[in-house]
1. Output the number of residues of region 1-42 satisfying the condition of being within 16 Å of the ligand (Cβ to nearest atom), in contact with a Lys or Arg (Cβ under 6 Å, 6 or more places away or on another chain) and in a strand (DSSP E or B).
2. Has region 164-187 got any residue that is over 17 Å from V59 (Cα atoms), β-branched (V, I, T) and within 16 Å of the ligand (Cβ to nearest atom)?
3. Quick one: V211 ticks every box in (1) closer than 22 Å to T127 by Cα; (2) modelled with pLDDT of 95 or more; (3) outside any loop (DSSP other than H, G, I, E, B) except a single one, so which number is it?
4. Given the residues A172, A150, A103, A77, which is the only one that is among the small types (G, A, S), closer than 29 Å to T187 by Cα and in contact (Cβ under 8 Å) with a residue 60 or more places away in the chain?
5. Can you tell me which of A119, A140 is in contact with a Phe, Trp or Tyr (Cβ under 8 Å, 6 or more places away or on another chain) and either aromatic (F, W, Y) or outside any helix (DSSP H, G or I) (or both)?
6. Looking at (1) of a type in the set (A, V, I, L, M); (2) without any contact (Cβ under 8 Å) to a residue 24 or more places away in the chain; (3) within 15 Å of the ligand (Cβ to nearest atom), which is the one condition that is false for L112?
7. State all residues of region 52-87 that are surrounded by fewer than 20 Cβ atoms within 10 Å (Cβ to Cβ), among the polar types (S, T, N, Q) and not in a helix (DSSP H, G or I); if no residue qualifies, say none.
8. State yes or no: is V220 among the aliphatic types (A, V, I, L, M) and at pLDDT below 95?
Amino acid sequence: MKILVAVKRVVDYNVKVRVKSDQSGVDIANLKMSMNPFDEIALEEAVRLKEKGLVTEVVAVSCGVTQCQETLRTAMAIGADRAILVETSTELEPLGVAKILKALVDKEQPGLIILGKQAIDDDCNQTGQMLAALVGCGQATFASKVELTAERVSVTREVDGGLETLSLKLPAVITTDLRLNEPRFVTLPNIMKAKKKQLDTITPESLGVDVTPRIKMLKVCDPATRGAGVKVADVTALMDKLKNEAKVI
Ligand code: AMP
């Protein structure tokens, strides 16, 4: 069985982004970029399934600019067997990515498709769900445990107040939550080996996918700054402020 894993290149989670002065977006020029953390978890899970002998090939896919090649090389250093870059300079929306992935699912025929539950740059949490709908297969979002057999996959999900376990017929789409696994460190020998692995570059047009944006970003702004706090003399003064200034009681 083959697993397709979607990996997005995003601003590294340690970097604090700045809103552009014209509020048209955030400035990402010259910032450190990394693989979306939830996608690292997706890849780790796919590689573990391969190491258990349940899967024969792990294919990593990234959609975006040429530099996504670096993300795909990291994916292959973690353990993906080969990678596909769907190259475009168009700003991609979840529906565009889902359509690209659907075209690749048709071509590659994977038994399982694993994505992150959300990309930490746009926080959309949409691509996996849209992909499952386009493919017409089952989906299990926010996975915290995955057990694969030849025909089905059992997925435990973290839901309000407990855990829910689903059994899905393959092929299926899974999106990963934080507690699914702890991704391994990438070792230097594996980085060297990854340089020799196959990385194919194609375009959305070659897959027959139109990625023209459908959503217009109106503006992006910083969160409101919080005013400085004050020390109150006693509980009576605190109650007075909560009642008459903050008006919360
Ligand atoms: P989102 O719906 O944007 O929050 O993204 C959810 C997941 O979809 C991510 O964790 C990735 O697995 C996948 N994804 C989104 N955008 C891309 C992209 N440009 N290239 C590859 N995978 C992506």
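1. 1
2. Looking through region 164-187, none of the residues is over 17 Å from V59 (Cα atoms), β-branched (V, I, T) and within 16 Å of the ligand (Cβ to nearest atom).
3. The single condition V211 does not satisfy is (3).
4. Exactly one residue qualifies, and that residue is A77.
5. That would be A119, the only listed residue that is in contact with a Phe, Trp or Tyr (Cβ under 8 Å, 6 or more places away or on another chain) and either aromatic (F, W, Y) or outside any helix (DSSP H, G or I) (or both).
6. The single condition L112 does not satisfy is (2).
7. Listed by number, the residues that qualify are T56, T66, Q67.
8. Yes, satisfied.
The values are calculated or read from the model by the stated rules, or taken from the named source; none is laboratory data. The model shown is predicted, which means the values in this text are computed figures rather than measured ones. Note: ideal-geometry Cβ built from the backbone for every residue, glycine included; neighbour counts use all protein chains shown.
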